[in-house]
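First the structure, in the form of structure tokens, and then the observations on it.
The values are calculated or read from the model by the stated rules, or taken from the named source; none is laboratory data. From a predicted model like this one, the values you see are computed outputs, not experimental measurements. Neighbour counts are summed over all protein chains in view; Cβ atoms, including those assigned to glycine, are modelled from backbone coordinates with ideal geometry. Ligands, DNA and RNA are stripped out before the accessible areas are found, and what is left, the full protein with its side chains, is counted by its heavy atoms. Shrake-Rupley method; radii C 1.70, N 1.55, O 1.52, S 1.80 Å.
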Amino acid sequence: MIDTPYISVAVALPVPKAYTYGLPEHFQSACSPGVRVLIPFGKKRVTGYILSGQKTCNGITVKQILDVLDDHPLFPGSAIPFFQWIADYYLHPLGEVIRTALPSGLESHDEACLFVTEKGIQALSLKQLTPGEAEIIEFVQKRYPAKLKQLFKTSRNPSVHALVRKMEKQDLITLSYVLKKDGVSARMETFILFQQEPEPGSRMSKKREKLLTLVKEKKEMSLIGLKALIPTAPSLIKPLAGAGFIKVFQRRVFRDPLGDPVEPDRPPELTPEQARVVKQVRDGFGKGFSAYLLTGITGSGKTEVYMRLVLDIIEKGKKAIVLVPEIALISQTERRFRARFGERVAVIHSSLSRGELLDQWRKISLDKVDIVIGARSAVFAPFDCIGIIVVDEEHDTSYKQETGLRYNARDLAVVRAKLAGCPVLLGSATPSLQSYQNVILKRFEELKLESRINLNPLPEITLVDLKKYKDGRPDHRIITPELSKAVRQCLDKGDQALIFLNRRGFATFPVCGECGKALTCRFCDITMTLHKGHHEYRCHLCGYGLPVDATCPECKSKIRPLGFGTEKLESMLKERFPDARIARMDQDSTSKKGAVIKILKSIRNRTVDIVVGTQMLAKGHDFPSITLVGVICADLSLSLPDFRAGERTFQLLAQVAGRAGRGDTPGRVIMQTYNPDHFIIEASRKQDFQEFFHNEAPFRKALSYPPFSRMTQLKISGQDSGKVQTHAETVAGILKNLIQTKRKATDAAVQVLGPVEAPIQKISSRFRWQILVKSPSAALVNRLVKATLDHPDAKPKSGISLSVDVDPYSLM
């Protein structure tokens, strides 16, 4: 409860500061930090988030809040310093930080809507309107309410903006603001409560008697549960309620996004290594913040370590957050935690419906669960008393958000643990260079698991030089004889095989058979990919598609589908191994809800012999029956124009190799490559992170790239290439002038690279330029970029956007 006459409110709009609003006395009992309020902002009504109470308004005229939107806080007051840190570090408006943290659909705001006047209807019927005016009137009549933004988006008339203003002046249409309420709400269900028996001798149909008997036995039942037993229950309850035999009422229920029920498990005995690691972390409980990096080979039992530490924390009355990088991994982790901890587990990830996500969030905020498992957004879980945060596969790029608030959940986990005064445990068999450098600098403490829990050796890895087959059969350059033989041996033994190719689709390089021109996306600067199952060529950046019989846009000749992806690989394996049951797991085959869990279940239940997959299958999964892993082309990501390309390649190869031999049977890996002597391929073959680190780190240090510097990327884009270039040069000039001006104030070196065109120069019809700012000092980079954004000449002109990516992961 807030008992002050004013409140500080963060607004869910791109504005840099919080605002003061008056708090009417009748709202005070319903208000506290973390509650949403409806506020006037300019001419509109928008959602705001209460940060704190204020005793004074500092002499300014303030507006009153209009309504309170929640019956309890959506986030605890302890999360507000965390949100403020994020806003400062990532140079992002505080209100939008909070909106990103909350489940989507929780915002109320005014939307501009059009309505037709009587004069407009009459003018249309008398055919007194121009074709453009008639089009607008008909658009508005077909929709209620007709959103102005939607009209501008769908109309092909370049003068539509001016035409709307003209028609409004002529009183043909009116423009009004309509309040758009929450896009998702609590789920209510009908329940039936037994009240009394009918009098002896009273007549009643058999179905009503059966319904009344069922409700009496249970005392209370949901209508959904009754319908499963008596399909006509909805029509039967009204007369029974009218007679006073039952009471019908509505109750809020939580949607259940969890999978099938799981059998409780018994904690296994820890290995000596696991017990030592658990003791090291446990000894630090209650002593404030500490950061640990748990390294070790694949299959060494990191998840069991996490569960033991989480159990200790829960027994102390505190909460735990467990982050995993992929939605596919959440299913496996969630099952293991539910088997150990029962239903005190919540999940948060983007595959949940908006209603399911809201219900999980409310369960957490109402203290109905102790553990949250989820992808990157779970770092915002509204726990007040956090005891430990775990980040599994901490190296994974999926923890980086690439749109809107471009945060890194791994880094935020460390910050949140520090603010909460609790330990954070980062785990990976292939840690990021950033985290390992923190170990060297004594910021993190390293914990090691150096042997597999079943004492099995790491899989034997064989390199196959693809250059041997450059003049051979085309299919041997994709599935070499060595890999083909190994797959056949694996199938004959009744084991499972995983074939890895980090490229989806059927043909990835369609070209014209006559002029040789590649088939490119008309909106993006990349070639399209043939998806044979969907009968179309598709752009993987904007989704633009062309029919499978499309011809060359230059000479109208037939397109030749060259290259290969997981779809073609699946087809080739079916031809070569017709007796095998084959499944494919990539972004295309898992787009439908529940598809990921279905495929994982088929692998776990051994109804699949060969699984073809992209990086979705490469990390964290535990499939004991997979004894062979085949890597089709280990070099795919090695030569990308990105300083992290080598690191990502090593991590991906080491992780996918670690899927083999996790059961009782030793594993084997066939790694096909054009560069068998490259130090990254060799380090992957040995599963040796130290060898990789000591070869890669000197290159990074010499070029002053992370982890030996801090970096921020400025991204400039727009539909006019000339204007984009001009604005990029203007922003770079401001940056360089600021560095010259402040050079005497600091000894830290600052580099500005660019402006240059992005490696992918155009995406979704928007031309892209970028600027990189590097320095050993993160604070200095932050101040320089903030000062640049505040400069009046850096403000983007119409049609140009400028976004900031602090600690960027992708430079493409």
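Here is a yes/no grid of residues against (1) over 19 Å from residue 73 (Cα atoms); (2) touching a residue at least 24 places away in the same chain (Cβ under 8 Å); (3) out of contact with any strand residue (DSSP E or B) (no Cβ under 6 Å at 6 or more places or on another chain):
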position	(1), (2), (3)
338	yes, yes, no
345	yes, yes, no
348	no, yes, no
352	yes, yes, yes
358	no, yes, yes
362	no, yes, yes
386	no, yes, no
400	yes, yes, no
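What number of residues within the stretch 356-368 are outside any helix (DSSP H, G or I) and under 17 Å from residue 34 (Cα atoms)? Can you show your working first?
Within the stretch 356-368, the first condition is being outside any helix (DSSP H, G or I), and the residues that meet it are 366-368.
With the extra rule that they be under 17 Å from residue 34 (Cα atoms), the set shrinks to 366-367.
Total meeting the criteria: 2.
So, of the residues in the stretch 369-384 that are part of a loop (DSSP other than H, G, I, E, B) and in contact (Cβ under 8 Å) with a residue 60 or more places away in the chain, which turns out to be surrounded by the most Cβ atoms within 10 Å (Cβ to Cβ)?
Looking at residues that are part of a loop (DSSP other than H, G, I, E, B) and in contact (Cβ under 8 Å) with a residue 60 or more places away in the chain, I get 381.
Among 804, 756, which is open to solvent by 50 Å² or more (accessible area, probe 1.4 Å) and outside any helix (DSSP H, G or I)?
Step by step, each of 804, 756 is checked, and only 756 is open to solvent by 50 Å² or more (accessible area, probe 1.4 Å) and outside any helix (DSSP H, G or I).
Give 708, 693, 689 a once-over and let me know the one that is aromatic (Phe, Trp, Tyr) and over 30 Å from residue 668 (Cβ atoms). Don't jump to the end; show me each part of the working.
On the way: 693 fails: over 30 Å from residue 668 (Cβ atoms); 689 fails: over 30 Å from residue 668 (Cβ atoms).
So the residue among 708, 693, 689 that is aromatic (Phe, Trp, Tyr) and over 30 Å from residue 668 (Cβ atoms) is 708.
Taking the stretch 81-129 as the region of interest, how many residues are without any contact (Cβ under 8 Å) to a residue 60 or more places away in the chain and among the polar types (S, T, N, Q)?
The number of residues fulfilling the criteria is 5.
I'm told residue 81 meets every condition in (1) under 27 Å from the mean Cα position of the chain (by Cα); (2) farther than 27 Å from residue 144 by Cα; (3) buried (at least 16 other Cβ atoms within 10 Å of the Cβ) except one. Can you identify the failing condition by its number?
Going through the list (1) under 27 Å from the mean Cα position of the chain (by Cα); (2) farther than 27 Å from residue 144 by Cα; (3) buried (at least 16 other Cβ atoms within 10 Å of the Cβ), residue 81 breaks only (3).
So which helices (runs of 4 or more DSSP H) stay within the stretch 45-162 end to end and still have 2 or more residues that are among the β-branched types (Val, Ile, Thr) and under 30 Å from residue 384 (Cβ atoms)?
Filter on the stretch 45-162 gives 80-89, 94-101.
Quick test for you: out of 155, 125, pick the one residue that is among the hydroxyl-bearing types (Ser, Thr, Tyr) and either open to solvent by less than 50 Å² (accessible area, probe 1.4 Å) or under 30 Å from residue 30 (Cβ atoms) (or both).
None of the other options fit; the residue is 155.
Testing residue 505 on (1) in a loop (DSSP other than H, G, I, E, B); (2) over 20 Å from residue 635 (Cα atoms); (3) at pLDDT 90 or above, one condition comes back false. Which one is that?
With (1) in a loop (DSSP other than H, G, I, E, B); (2) over 20 Å from residue 635 (Cα atoms); (3) at pLDDT 90 or above applied to residue 505, the lone miss is (2).
Which one of the conditions (1) closer than 15 Å to residue 490 by Cα; (2) of a type outside the set (Ser, Thr, Tyr); (3) within 22 Å of the chain's Cα centre (by Cα) does residue 629 fail to meet, given that it meets all the rest?
Result: residue 629 fails condition (3) only.
Working only within the stretch 9-32, note down all residues that are within 18 Å of residue 86 (Cα to Cα) and either in a loop (DSSP other than H, G, I, E, B) or hydroxyl-bearing (Ser, Thr, Tyr) (or both).
Matches in the stretch 9-32: 12, 13, 14, 15, 16, 17, 18.
Please identify the pairs in which a residue from the stretch 769-795 that is surrounded by 14 or more Cβ atoms within 10 Å (Cβ to Cβ) has its Cβ atom under 6 Å from the Cβ atom of a residue that is among the small types (Gly, Ala, Ser) and part of a helix (DSSP H, G or I), counting only partners at least 6 apart or on another chain.
769/728; 771/732; 788/794
Is it true that some residue in the stretch 52-75 is free of Cβ contacts under 8 Å to residues at least 24 places away in the same chain, under 25 Å from residue 362 (Cα atoms), open to solvent by 30 Å² or more (accessible area, probe 1.4 Å) and not acidic (Asp, Glu)?
Looking for residues that are free of Cβ contacts under 8 Å to residues at least 24 places away in the same chain, under 25 Å from residue 362 (Cα atoms), open to solvent by 30 Å² or more (accessible area, probe 1.4 Å) and not acidic (Asp, Glu), one finds none in the stretch 52-75, hence no.
Could you tell me whether residue 232 is of a type in the set (Val, Ile, Thr), farther than 28 Å from residue 362 by Cβ and in contact (Cβ under 8 Å) with a residue 24 or more places away in the chain?
Details: of a type in the set (Val, Ile, Thr): yes; farther than 28 Å from residue 362 by Cβ: yes; in contact (Cβ under 8 Å) with a residue 24 or more places away in the chain: yes.
Yes.
With respect to residue 277, determine if the residue is within 30 Å of residue 334 (Cα to Cα), touching a Pro at 6+ places or on another chain (Cβ under 9 Å) and at pLDDT 90 or above. Before the answer, list the steps.
Numbers: within 30 Å of residue 334 (Cα to Cα): yes; touching a Pro at 6+ places or on another chain (Cβ under 9 Å): no; at pLDDT 90 or above: yes.
When the stated conditions are applied, residue 277 does not pass them.
Does residue 472 fit the bill of being out of contact with any Leu (no Cβ under 7 Å at 6 or more places or on another chain) and at pLDDT 95 or above?
no
Would you say residue 603 is aliphatic (A, V, I, L, M) and either under 24 Å from the mean Cα position of the chain (by Cα) or closer than 28 Å to residue 809 by Cβ (or both)?
No: the conditions fail for residue 603.
Can you tell me which residues in the stretch 332-352 are hydroxyl-bearing (Ser, Thr, Tyr), buried (at least 19 other Cβ atoms within 10 Å of the Cβ) and under 15 Å from the mean Cα position of the chain (by Cα)?
351
Tell me, which helices (runs of 4 or more DSSP H) lie completely within the stretch 404-500 with 2 or more residues that are crowded, with 19+ Cβ neighbours inside 10 Å and in contact with a Phe, Trp or Tyr (Cβ under 9 Å, 6 or more places away or on another chain)?
It comes to 409-420, 433-440.
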